[in-house]
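The structure appears right after this line, and notes come after that.
Rule-based calculations on the coordinates, nothing more; no lab input. Since the structure is predicted, the reported quantities are computational estimates derived from the model, not experimental observations. Cβ placement follows ideal geometry from the backbone for every residue including glycine, while neighbour counts extend to all protein chains displayed.
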Amino acid sequence: MLELLKNTFANKRIFLTGHTGFKGAWMLQILNWLGADVKGYSLAPEKSKDLYNQIDGDKLCYSSIICDLKDFHTLQGEMIRFEPHFVFHLAAQSLVRRSYEEPVESFIVNTIGTSNVLQAMRGLEKPCVGLMITTDKVYENPERGVPFKEEDKLGGYDPYSASKAAAEIVIDSFRRSFFHPEKYDSHKKSIASARAGNVIGGGDYSDDRIIPDIVRALENEEHVVLRNPKSIRPWQHVLEPLGAYLLLAAKMNEDPLQHSTAYNFGPTANDEKSVEELTQIFLSAFGRESHYEIYQSDKNPHEAKLLLLDSSKAERELVWRPQMDAATAINWTAEWYADRASKAEDKCMKQIENYFSNFS
């Protein structure tokens with residue numbers, strides 16, 4: 001599989017939105033390692049401690065464009081001048097709790113931003129693979145414990161989830177209207193969406209995410225506070241969905257007609273952990289004794305307590321399956337943060353090489 005990825009992406013031009021974010025910074029390192037030329041398009045990192053700054057992300061880019069997805073003319077101009085072979089659209093407002101504070105902005109960024117990327121792709125004259133990244137939270141979730149399949153009803157309680165479900169509708173509309181697989185010979189574009197979430201890994205410093213919250217508490221010698229200890233999530237290391245995105249894009253490059261659709265990428269069945277279980281494993285692996293507190297409040301905004309994905313389509317059509325169980329993903333994450341002696345870039349590359357050398 002690693003050979004396929006190297007053969008697919010070496011010396012190729014990749015237009016990567018969201019390259020300054022947590023997942024984007026990891027993807028930037030992987031693509032650079034595979035030998036690709038990456039033009040990044042994103043807002044500036046929100047914090048000085050962000051992973052992108054720690055790895056000196058600018059040096060890994062062919063060019064880094066700091067601009068808003070809402071600026072369509074700049075976005076289109078940068079994409080058309082670059083003539084990418086692949087577009088990876090990772091940029092988003094990706095925090096549930098922030099979406100309650102900024103609902104309109106979340107809808108604009110996640111829907112209009114996505115439509116701007118797709119519209120810009122219409123101006124490309126050469127063949128291009130476009131992979132639009134959404135989330136596992138795009139489904140209408142009655143929390144019945146049944147894993148979601150790609151054809152299940154889209155929906156969303158909170159503005160973040162709803163905006164990403166709306167983005168999926170936008171993607172499907174553009175695919176049917178302008179990038180229909182049956183008319184590939186005329187437009188030369190292959191468009192797919194990837195649904196994954198609850199991603200953990202070293203270098204995430206976002207607000208209102210469980211691992212960064214734990215790390216900040218440890219650094220400040222405070223107790224870890226859990227808002228929703230019993231919430232169950234399909235936790236996965238950041239390398240799992242990124243590897244899946246690359247594999248899907250490589251398969252789309254080989255067969256542009258077959259894979260222009262939506263795919264789930266989640267852990268294996270029965271490998272979910274609650275927030276409290278994740279915290280216990282992380283603290284043990286981190287190697288520092290700590291305690292956690294459970295904070296119950298009626299004022300907490302609604303967040304789904306149970307979310308499961310069915311990834312059998314990806315396993316069947318892409319021969320993809322997760323390489324780590326949840327405990328391994330949590331341990332890898334804890335080890336990254338606990339290693340204070342190594343540079344962030346070196347820690348990431350060690351895990352990237354380890355993961356992809358065993359990628360099957």
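Towards the positive end of the charge dipole of the chain, with charges on Cβ (+1 Lys, Arg; -1 Asp, Glu), say which of 218, 120, 96 has the farthest Cα.
120
How large is ³J(HN,Hα) for each residue in the range 171-180, as worked out from phi by the Karplus curve 6.51 cos²θ - 1.76 cosθ + 1.60 (θ = phi - 60°), to whole Hz, x for Gly and Pro?
4, 5, 5, 5, 5, 6, 7, 10, 10, 4
Run the Debye formula on the Cα coordinates of the range 302-360, all scatterers equal and no solvent, and tell me log10 I(q)/I(0) at q = 0.16, 0.22 1/Å.
With one equal scatterer per Cα and no solvent, log10 I(q)/I(0) is -0.73, -0.98.
Rounded, prolate or oblate: which fits the range 141-181 when a ≥ b ≥ c are the square roots of the eigenvalues of the alpha-carbon gyration tensor, with rounded for a/c under 1.5 and prolate only if a/b beats b/c?
oblate
For each pair in 149/273; 230/313; 273/313; 126/149, compute the distance between the two Cα atoms and list the pairs where it is over 31 Å. Walk me through the numbers before you get to the answer.
On the way: 149/273 20 Å; 230/313 29 Å; 273/313 23 Å; 126/149 33 Å.
From 149/273; 230/313; 273/313; 126/149, over 31 Å: 126/149.
Return a whole-number percent for the relative contact order of the range 212-360, with Cα pairs under 8 Å and 6 or more residues apart as the contact set. Provide the component values of the computation, followed by the final result.
Details: 169 pairs, mean separation 54.0, N = 149.
Answer for the range 212-360 is 36 percent.
Taking a threshold of 20 Å on the Cα-Cα distance, which of the pairs 137/251; 49/347; 70/251 fall above it? Don't skip to the end; give the middle numbers.
Numbers: 137/251 25 Å; 49/347 15 Å; 70/251 30 Å.
Long pairs (Cα-Cα over 20 Å): 137/251; 70/251.
Which whole-percent values make up P(r) of the range 48-165 when all C-alpha to C-alpha distances are grouped in 10 Å steps starting at zero?
12, 34, 34, 17, 2
May I ask for log10 I(q)/I(0) of the chain at q = 0.10, 0.14 Å⁻¹, from a Debye sum over the Cα atoms as equal point scatterers with solvent left out?
Those come out to -0.57, -1.20, one per q.
What base-10 log of the normalised intensity I(q)/I(0) is obtained for the range 115-156 from the Debye formula, alpha carbons as equal point scatterers, at q = 0.20, 0.24, 0.28, 0.34 Å⁻¹?
-0.72, -0.84, -0.99, -1.25
Divide the volume of the convex hull of the Cα atoms of the range 206-263 by its number of residues and quote the answer in cubic angstrom per residue.
Once divided by residue count, the hull of the range 206-263 is 111 Å³.
Between helix 72-82 and the chain, what is the angle of the helix's C-alpha long axis to the longest principal axis, kept within 0 to 90° and rounded to the nearest 10?
It is inclined by approximately 70 degrees.
For the Cα atoms of the chain, what angle does the longest principal axis make with the long axis of helix 113-122, in degrees from 0 to 90, nearest 10?
20 degrees
Report, please, the projected area of the range 1-74 averaged over directions, based on the convex hull of its C-alpha atoms, in nm². Let's see the in-between values first.
On the way: hull surface 20.2 nm².
For the Cα atoms of the range 1-74, the hull's average projected area reads 5.1 nm².
Would you grab the residues whose amide H sits under 5 Å from the one on residue 200? Only those 5+ places off in sequence or on another chain, please, with H modelled 1.01 Å from N.
Hits under the 5 Å cutoff: 236, 237, 238.
Computed FRET efficiency, Cβ-Cβ of residue 341 and residue 225, R0 25 Å: what is it to the nearest 0.05?
Using R0 = 25 Å, I get an efficiency of 0.30.
For the range 219-360, build the convex hull from the C-alpha positions and give me its volume per residue in Å³.
With only Cα atoms used, the range 219-360 gives 138 Å³ per residue.
Pop out the ³J(HN,Hα) list for the range 321-329 in order, Karplus 6.51 cos²θ - 1.76 cosθ + 1.60 with θ = phi - 60°, rounded to Hz; leave Gly and Pro as x.
Result, ordered by residue: 8, x, 9, 10, 8, 4, 4, 5, 4 Hz.
Would you order 146, 275, 238 from fewest to most other beta-carbon atoms within 10 Å of each residue's own beta-carbon?
Ranked by crowding around the Cβ, least crowded first: 146, 275, 238.
Helix-derived [θ] at 222 nm for the chain: sum -39500 (n - 2.57) over DSSP H runs of at least 4, divide by residue count, nearest 500?
-12500 deg cm²/dmol
Can you find, among 26, 278, 62, the residue sitting farthest towards the positive end of the charge dipole of the chain, where Lys and Arg contribute +1 and Asp and Glu -1 at Cβ?
Comparing the listed Cα positions along the dipole, 62 ranks first.
Under the rule of at least 5 residues apart or a separate chain, name every residue whose amide H is placed under 5 Å from the amide H of residue 93.
110
Enumerate the calculated ³J(HN,Hα) couplings along the range 15-31 in order (Karplus 6.51 cos²θ - 1.76 cosθ + 1.60, θ = phi - 60°), each rounded to whole Hz, writing x wherever the residue is Gly or Pro.
9, 10, 7, x, 5, 8, x, 4, 5, x, 5, 5, 4, 4, 5, 5, 5
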